[in-house]
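The values are calculated or read from the model by the stated rules, or taken from the named source; none is laboratory data. Small disclaimer: the values here were computed from a predicted structure and weren't measured. Note that each Cβ is placed from the backbone with ideal geometry, even for glycine, and that neighbours are counted across all protein chains shown. Surface areas here come from the heavy atoms of the whole protein model, side chains and all, with no ligands, DNA or RNA. Shrake-Rupley method; radii C 1.70, N 1.55, O 1.52, S 1.80 Å.
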Amino acid sequence: MPSEQGLITLEDVRKAREVLANSSLGVCKTPLIKNTNMFPGLENAEVYLKLENMQTTGSFKIRGVASQMAIIPDDVKRREKKLITISAGNYGKAFAYALNKLNLSGLCLMPLTAPSSRVQLIKSFGVEVKQIPSSDLLSTVDKYVAEKDFTFLHSFDEINLIAGYGSASLEILEDGVKPDVVIVCCGGGGLVSGVAATFKLSGLTDCRVYAVEPEGSPTMYESYKKGEAVTIPTVNSVAGGLSPPFAGKLTYQHCRKFVEDVVLVTDKELIDTMAMFYKRGLVVEPSGCAAMAALINGRIPDVTGKKVVVFVTGGNITSEEMTVHLK
């Protein structure tokens, strides 16, 4: 159970890790690789890459989905009720994959700006998709829950999801790495919430965790400035997975407590970083490049001589999309 403040506890994360280990959804322990001159310019720090782009379904999202699936109501398990979620891509893919594996029914609401390749991929798992304006996503969910008795699984602002994401931090600690600095992409903030909380609660109180957003989608950045979770009506970035129109209220609370700061990167920096990864044989989508882009472009202070963990979070990009971005 979460703490009195509504934040996850270390026990929550450990329980989620057990759930993932016993899940039929194939969540795996992803590689943690040390930079040995693969990426020039990082020689002054001891840099490790956590390769969540190699995770089942191509991103970290399956950690959260598997954790959520363990607590769905019995009437959903019996297929008497359907699940509903909102997603621009990677969470939707993990959600659809899980429903297909577990023989469940559901609906994924996607913004009109979602790439057609993501829409078709989610549909290919047998999950219904409806595309609507971003501003209508939450109100449409409320309508389905109230009028059709759907069960809502939030794609980033939910405690079991956050605890599931914290499992990645436990893996890093089990690999014997105790980081001084951790850099994580931030869309709704679920991953950075779970990662940061787990490191801090594991005793690394001096570890600095940074959330990274695109300049065109700075919802958590603006939330920090205002002192509460905010909505930005118009967001625009090549990193669609990091571009929800609002920050989560629960993730904002976690970030305020456990995250050092929120920094921004440009779309060009994301694409340049994607090209750098590609030259080293790593397929990484723009959203998955945010943390590395922040590091190599000097957005993270005081890393010289430090152990730095960079989360590489997703590799769901088609060859056609890759070609367009790298022209």
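Of all the listed residues (Leu83, Leu137, Leu42), the sole one being surrounded by fewer than 19 Cβ atoms within 10 Å (Cβ to Cβ) and either touching a residue at least 40 places away in the same chain (Cβ under 8 Å) or among the basic types (Lys, Arg) (or both) is Leu42.
Set side by side, the residues Val283, Val263, Val259 differ, and just one is β-branched (Val, Ile, Thr) and more than 28 Å from Leu204 (Cβ to Cβ), which is Val283.
For Ile162, the criteria (1) surrounded by 24 or more Cβ atoms within 10 Å (Cβ to Cβ); (2) over 16 Å from Gly314 (Cα atoms); (3) touching a Lys or Arg at 6+ places or on another chain (Cβ under 8 Å) hold in every case but one, which is (3).
If the condition is being out of contact with any Lys or Arg (no Cβ under 7 Å at 6 or more places or on another chain) and of a type in the set (Phe, Trp, Tyr), then the range 94-152 contributes Phe95, Tyr97, Phe125, Tyr144, Phe152.
Of Gly187, Gly176, Gly194, Gly164, all but one fail to be at pLDDT below 95 and not aliphatic (A, V, I, L, M); the exception is Gly187. Applying the criterion of at least 1 residues that are touching a Ser or Thr at 6+ places or on another chain (Cβ under 9 Å), under 21 Å from Glu321 (Cβ atoms) and not charged (D, E, K, R) to the helices (runs of 4 or more DSSP H) found wholly in the range 193-284 leaves 267-279. For the range 106-131, taking the residues that are open to solvent by less than 30 Å² (accessible area, probe 1.4 Å) and over 16 Å from Gly188 (Cβ atoms), the one that is modelled with the lowest pLDDT is identified as Val119.
From the list Glu222, Glu321, Glu285, Glu213, the one residue that fits, being under 21 Å from Leu161 (Cα atoms) and either free of Cβ contacts under 8 Å to residues at least 24 places away in the same chain or charged (D, E, K, R) (or both), is Glu213. Of all residues assigned to the range 310-319, at least one qualifies as being assigned to a loop (DSSP other than H, G, I, E, B), farther than 27 Å from Leu170 by Cα and more than 16 Å from the chain's Cα centre (by Cα). Val182 meets the conditions (1) out of contact with any Cys (no Cβ under 7 Å at 6 or more places or on another chain); (2) within 21 Å of Ile296 (Cα to Cα) in every case but one. The failed one is (1).
Quick grid of which residues meet (1) among the β-branched types (Val, Ile, Thr); (2) buried (at least 21 other Cβ atoms within 10 Å of the Cβ):
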{"position": "Ile8", "(1), (2)": "yes, yes"}
{"position": "Asp12", "(1), (2)": "no, yes"}
{"position": "Glu18", "(1), (2)": "no, no"}
{"position": "Ser23", "(1), (2)": "no, yes"}
{"position": "Met38", "(1), (2)": "no, no"}
{"position": "Val47", "(1), (2)": "yes, yes"}
{"position": "Glu52", "(1), (2)": "no, yes"}
{"position": "Ser59", "(1), (2)": "no, yes"}
{"position": "Arg63", "(1), (2)": "no, yes"}
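Scoring Val182 on the criteria (1) outside any strand (DSSP E or B); (2) more than 13 Å from the chain's Cα centre (by Cα) leaves a single failure, condition (1). Scanning the range 219-247 for residues that are crowded, with 24+ Cβ neighbours inside 10 Å, touching a helix residue (DSSP H, G or I) at 6+ places or on another chain (Cβ under 8 Å) and modelled with pLDDT of 95 or more returns Met220, Ser223.
Let's see how each residue does on (1) closer than 19 Å to Ser319 by Cα; (2) buried (at least 24 other Cβ atoms within 10 Å of the Cβ); (3) not aromatic (Phe, Trp, Tyr):
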{"site": "Leu250", "(1), (2), (3)": "no, yes, yes"}
{"site": "Cys255", "(1), (2), (3)": "no, yes, yes"}
{"site": "Leu264", "(1), (2), (3)": "no, no, yes"}
{"site": "Glu269", "(1), (2), (3)": "no, no, yes"}
{"site": "Val283", "(1), (2), (3)": "yes, no, yes"}
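When we screen Ser237, Ser202 for residues that are among the polar types (S, T, N, Q) and in contact (Cβ under 8 Å) with a residue 60 or more places away in the chain, the only hit is Ser202.
Quick check on my filter: what residues within the range 25-36 are open to solvent by less than 90 Å² (accessible area, probe 1.4 Å) and modelled with pLDDT of 95 or more? Leu25, Gly26, Val27, Cys28, Thr30, Pro31, Leu32, Ile33, listed by residue number.
Could you say whether any residue in the range 92-100 is closer than 23 Å to Asp75 by Cβ and surrounded by fewer than 20 Cβ atoms within 10 Å (Cβ to Cβ)? Yes, the range 92-100 contains at least one residue that is closer than 23 Å to Asp75 by Cβ and surrounded by fewer than 20 Cβ atoms within 10 Å (Cβ to Cβ).
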